[in-house]
Amino acid sequence: MKRTVTLLMVLLLFGLMVAGVFAEGTKEKAAANYPTKPVTIIVASKAGGGTDTMARLFAKYAKKYFPQPFVVVNKPGAGGQLGFEALANAKKDGYTIGTLFTPHVTAHISSGRAKYTLDSFALLANVVTDPGVLVVKSDSPFKTINDIIAAEKKNPGSLTGATTGPGGDDFFALTKFNNAAGIHIKEVPAKGSSGEKAEVLGGHVDMAFMNVSQVLSNVKAGELRMLAVMTPKRLSYLPDIPTFKELGIDIVSDSSRGFAAPAGLPDAIYQKLLDTFQKTLKDPDFLKASKGVLLLNIMEPKEYRAYLEDLLKTTNEIYKKSPW
Amino acid sequence: MLSILIPALQTLFTFKVMLAILMGTIGGIIIGAIPGLTATMAVALLIPVTFGMDPVVGLSMMGGVYSGGMYGGAISSILLSTPGTPAAAATTFDGYPLTRQGKGGLAITVATVASFWGGIISTFALLLLAPLLARFALKFGPPEYFLLAIMGLASIVTLTSGNLVKGLISGLLGLIIATIGMDPITGYIRFTWGITDLFEGVSFMPALIGLFSISQILSLTSEAQIVQELATAPKSLKRQKMPKGLAPTIARGGLLGTIVGILPGAGATIAAFISYNFAKQISKTPEKFGKGNPEGVAASESANNGVVGGSLVPLLTLGIPGNSVAAALLGGLMIQGLIPGPELFTKHGAITYGFILSLFFANIFFLILGLYFAPLFAKVSTVSNAILIPAIAMLSVIGSYAINNSIFDVGLMLFFGIAGYFLHKAGFSLGAIVLGLILGPIAELGFGQSLIISNGSPLIFFTRPISIILWIIIILLILPAFSGGILKKQRQKEGEDESNITE
């Protein structure tokens, strides 16, 4: 009896070793043959949103450069945190990649809630940057941000500004504006950008901290007015709108969306993915389809990494001063 | 305007466009009938596909999905007490009892006709009054949304005809569950025990599937078939004529749905509940509601399809989507280079009006399909429970997983199912719990926003004109339940006795 058990143990051990070698072999083979099946893109927001549209457009035009299809899987919830965590914990075999969007991806780290760090991701590319902008209704008495600062200083606590709520870029922008100008505009958190827009258009709040893509149509229709954008330099497509910076208030804020793989995937596979991204994002058909839909701002992994690290410092600072 | 409408209509009368509307509508009905698969997902899937298509073809297909999806939710609500979409939750109250009585075919016929007229009324409103209605929608600010939520909660009083106290407790339970997750004002995370999946609150669709469908199949296990009286079952398989006298209910529902649809942040579920509540309040025989009254089905279904046209008003004029399907549709518009605003109705008039007119066809298509296939759908309810229960269970699991691709939601669905079964047995109202769940976040956000704007003064809820009108409606809704409470109870008792006799 005892001998049979020992024999079984030995056999089992041997089996494991063989399996191990075999697995090692398949791993190398897997990298060489990659991709042999569809690649999943975890989209950390709902179907139909901006991040989702970006992923689906990429998936459509990546077909030309990648032998397997990309399949979008939406994993919304907790301000993207569920999706980011799913990406960070995904198998590192190149068959799962995902989306990141800012500032949420670093805000969750700052608040200590995230079960990932920036090192959990092998960045592929940033695709979209939607700059922050301060808008008022077109019949508002405020023509410049200095009007707002003056009115607020004269009558403290009298002005309200819509944001999408704590932990989002609009909230950060409002907080930065208050801190930089030494004023106190009251934050009215709304449900999403559509809630913000309804409140500012309806005259229920004095101003809204939003993103450029969300308000372009209303500005064009003469319903909203942009006072200043939160970029380092004026935007090429909005040459008449000043930046906060040139008005003496140092605010840079945006919402960026890009792609990453879980860190630690084989380098050969990462390179293949990176190559696919670089080609697809330059594809003329992709560029044509994203015109008017995505505010493209392609960043290579190195630049993207620096951008995220910089953002993490900012969100850390804000969390210290006014936690959410 | 006619000079734009006629060419717009001409663009529709091509084989390609008609086929797109038909395919969209059929796809929408199927997606709507399956819990967990939503019109939002379907539209989002179509966005990249429609790029490169003729804009009218792509948009009318999406419009078909939206209309068909809103209607399709009724089918599973009526036959299986499993709302295919949250908006069809109120349809179960009378639709499912009708199925139990062997009148599933009738209920579907009523739902089809009511949905059709709801859709037509709201599409007319969209076509003729869009800019005017959009301005009205903007008048609704945080205090009004708070009061709208209170108005919805007031329907608990009428919803729970039997036991008011248990109904109120149910509503409160729903509100308490709705506080789980991030505080919308401060961002503080409440009652989540550190579970990330709960940070954004209890996900609504799984809770709904659990409360309605799982608790239902648990009660069904003791019976052989959904239809209680087999003798009447074959009747349900024949084509049914519309019962008379539903026209006013349908017209009211369609209008109510349109109005609620226009308000971004309210939505189809609330519209259906408010309309159901109104129908019951106005009815001379409110005791018949909840026991298989076709009027209840008509009220809820006309309202939720009324939302379709309504929600497109702020979307097309201001770029503010009224609900999640409209938000996905916004993506569909943008990819065609159609930016919401006045230009949509002038420069791109042919496309925009083509899209609006295509909604009429989508409604006509599901009317024909629904009426024709009603008896066939109704057959589902005569299938043996031994087959039906596992099938519903499987759909419930898949549906609650699919909504967020989350296994946590499946557990949530099961939890709500088991809890719902016992609560229902104990006489609590599952409808009231659902109302609390939907309206809690809207009430909380509106309340918080209002007080921030008013520097903490509650006067803001009483000084604005629309607020005052809402207060009056709320009081009118609640008053009968308290003032005539004893009288009503008496009447209800009589009504119950009567129905016992007729049974």
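The values are calculated or read from the model by the stated rules, or taken from the named source; none is laboratory data. Since this is a predicted model, take the numbers as computed values, not measurements. Here Cβ is always computed from backbone atoms with ideal geometry, including for glycine, and neighbour counts include all displayed protein chains.
Is it fair to say B:Leu198 is farther than 27 Å from A:His104 by Cβ and buried (at least 17 other Cβ atoms within 10 Å of the Cβ)? I'd like the intermediate steps shown before the answer.
Numbers: farther than 27 Å from A:His104 by Cβ: no; buried (at least 17 other Cβ atoms within 10 Å of the Cβ): yes.
Against the criterion (farther than 27 Å from A:His104 by Cβ and buried (at least 17 other Cβ atoms within 10 Å of the Cβ)), B:Leu198 does not qualify.
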Q.
I need a count of the residues in segment B:48-83 that are within 14 Å of another protein chain (Cβ to nearest Cβ), in a loop (DSSP other than H, G, I, E, B) and either within 22 Å of B:Ser381 (Cβ to Cβ) or small (Gly, Ala, Ser) (or both).
A. 1
Q: Could you please give the count of residues in segment A:266-324 that are in a helix (DSSP H, G or I), more than 30 Å from B:Tyr188 (Cβ to Cβ) and basic (Lys, Arg)?
A: 5
Q | Among the candidates B:Val313, B:Val325, B:Val260, residue that is more than 14 Å from every other protein chain (Cβ to nearest Cβ) and not acidic (Asp, Glu) | A | B:Val260
Q. Taking the condition without any contact (Cβ under 8 Å) to a residue 60 or more places away in the chain and touching a Ser or Thr at 6+ places or on another chain (Cβ under 8 Å), does B:Gly310 pass?
A. no
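Counting just the residues of segment A:263-314 that are free of Cβ contacts under 8 Å to residues at least 24 places away in the same chain and touching a Gly at 6+ places or on another chain (Cβ under 8 Å), which one comes out surrounded by the most Cβ atoms within 10 Å (Cβ to Cβ)? Please lay out each step first, then the result.
Here is the first cut: in segment A:263-314, the ones free of Cβ contacts under 8 Å to residues at least 24 places away in the same chain are A:267, A:271, A:282, A:284, A:287-288, A:291-292, A:302, A:306, A:310, A:313.
Narrowing further to those that are touching a Gly at 6+ places or on another chain (Cβ under 8 Å): A:291-292.
Details: A:Lys291: 11, A:Gly292: 16.
Of everything passing the filter in segment A:263-314, A:Gly292 is surrounded by the most Cβ atoms within 10 Å (Cβ to Cβ).
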Q. Does A:Lys64 satisfy the condition of being of a type in the set (D, E, K, R) and within 11 Å of chain B (Cβ to nearest Cβ)?
A. no
Q: State which residue is nearest to the other protein chains (Cβ to nearest Cβ) when the search covers only segment B:174-204 and only residues that are within 24 Å of the chain's Cα centre (by Cα) and over 19 Å from A:Gly80 (Cα atoms).
A: B:Ala178
Q. Among the listed residues A:Thr106, A:Thr51, A:Thr36, A:Thr96, which satisfies the condition of being farther than 20 Å from A:Leu311 by Cα and either touching a Ser or Thr at 6+ places or on another chain (Cβ under 8 Å) or small (Gly, Ala, Ser) (or both)?
A. A:Thr96
**Q.** Conditions (1) farther than 30 Å from A:Leu174 by Cβ; (2) acidic (Asp, Glu); (3) modelled with pLDDT under 95: number failed by A:Glu317
**A.** (1)
Q: Please state which of the following conditions A:Asp170 fails to meet, knowing it meets all the rest: (1) surrounded by fewer than 22 Cβ atoms within 10 Å (Cβ to Cβ); (2) of a type in the set (D, E, K, R); (3) within 13 Å of chain B (Cβ to nearest Cβ).
A: (1)
Q) Among the residues of segment A:113-149, how many are under 18 Å from A:Ser217 (Cβ atoms) and under 15 Å from the mean Cα position of the chain (by Cα)? A) 4
Q. Quick one: is B:Ile339 more than 14 Å from every other protein chain (Cβ to nearest Cβ), surrounded by fewer than 24 Cβ atoms within 10 Å (Cβ to Cβ) and either of a type in the set (Val, Ile, Thr) or free of Cβ contacts under 8 Å to residues at least 40 places away in the same chain (or both)?
A. no
Q) Looking at (1) without any contact (Cβ under 8 Å) to a residue 40 or more places away in the chain; (2) assigned to a helix (DSSP H, G or I), can you tell me which one A:Val72 breaks? A) (2)
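Taking segment B:42-63 only, how many residues are farther than 17 Å from A:Lys60 by Cα and either modelled with pLDDT under 90 or more than 18 Å from the chain's Cα centre (by Cα) (or both)? Lay out the reasoning, then the answer.
Narrowing segment B:42-63 to residues farther than 17 Å from A:Lys60 by Cα: B:54-57, B:59-63.
Filter once more, keeping what is either modelled with pLDDT under 90 or more than 18 Å from the chain's Cα centre (by Cα) (or both): B:54-57, B:59-62.
The number of residues fulfilling the criteria is 8.
Inside segment B:101-214, counting only helices (runs of 4 or more DSSP H) that do not spill past its ends, which hold 3 or more residues that are out of contact with any Cys (no Cβ under 8 Å at 6 or more places or on another chain), modelled with pLDDT of 90 or more and aromatic (Phe, Trp, Tyr)? Explain how you work it out, then say what you get.
On the way: elements: B:104-139, B:142-159, B:164-178, B:204-209.
Qualifying helices (runs of 4 or more DSSP H): B:104-139.
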(Q) Quick check on this structure: which one of A:Ile97, A:Ile41 is within 14 Å of chain B (Cβ to nearest Cβ), in a strand (DSSP E or B), over 13 Å from the mean Cα position of the chain (by Cα) and of a type in the set (A, V, I, L, M, F, W, C)? (A) A:Ile41
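I'd like to check something: does segment B:321-344 contain any residue that is assigned to a helix (DSSP H, G or I) and over 24 Å from B:Leu138 (Cβ atoms)? Write out each step before concluding.
Filtering segment B:321-344 for residues assigned to a helix (DSSP H, G or I) gives B:324-334, B:342-344.
Filter once more, keeping what is over 24 Å from B:Leu138 (Cβ atoms): none.
No, segment B:321-344 contains no residue that is assigned to a helix (DSSP H, G or I) and over 24 Å from B:Leu138 (Cβ atoms).
Kindly establish whether A:Asp119 is in a helix (DSSP H, G or I), among the charged types (D, E, K, R), surrounded by fewer than 22 Cβ atoms within 10 Å (Cβ to Cβ) and in contact (Cβ under 8 Å) with a residue 40 or more places away in the chain.
Values: in a helix (DSSP H, G or I): yes; among the charged types (D, E, K, R): yes; surrounded by fewer than 22 Cβ atoms within 10 Å (Cβ to Cβ): yes; in contact (Cβ under 8 Å) with a residue 40 or more places away in the chain: yes.
So A:Asp119 passes the test.
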Q | A:Gly112, sole failed condition from (1) within 30 Å of A:Ala59 (Cα to Cα); (2) in the same structural domain as A:Glu300 (by TED's automatic domain parsing); (3) without any contact (Cβ under 8 Å) to a residue 40 or more places away in the chain | A | (1)
Q.
Just to be sure I understand the filter: pairs with C-beta atoms under 7 Å, separated by 6 or more residues or on different chains, first member in segment B:380-392 and under 19 Å from B:Ser215 (Cβ atoms), second member assigned to a loop (DSSP other than H, G, I, E, B). Which pairs pass?
A. B:Ser381/B:Ile226; B:Ser381/B:Val227; B:Asn385/B:Glu223; B:Asn385/B:Ala224; B:Asn385/B:Ile226; B:Leu388/B:Ile226; B:Ile389/B:Thr221; B:Ile392/B:Thr82
Q. From the residues in segment A:67-94 that are at positive phi and within 13 Å of the chain's Cα centre (by Cα), which one is farthest from the other protein chains (Cβ to nearest Cβ)?
A. A:Gly80
Q: Among residues belonging to segment B:107-148 that are in contact with a Leu (Cβ under 6 Å, 6 or more places away or on another chain) and farther than 30 Å from A:Ala162 by Cα, point out the one that is nearest to the other protein chains (Cβ to nearest Cβ).
A: B:Thr123
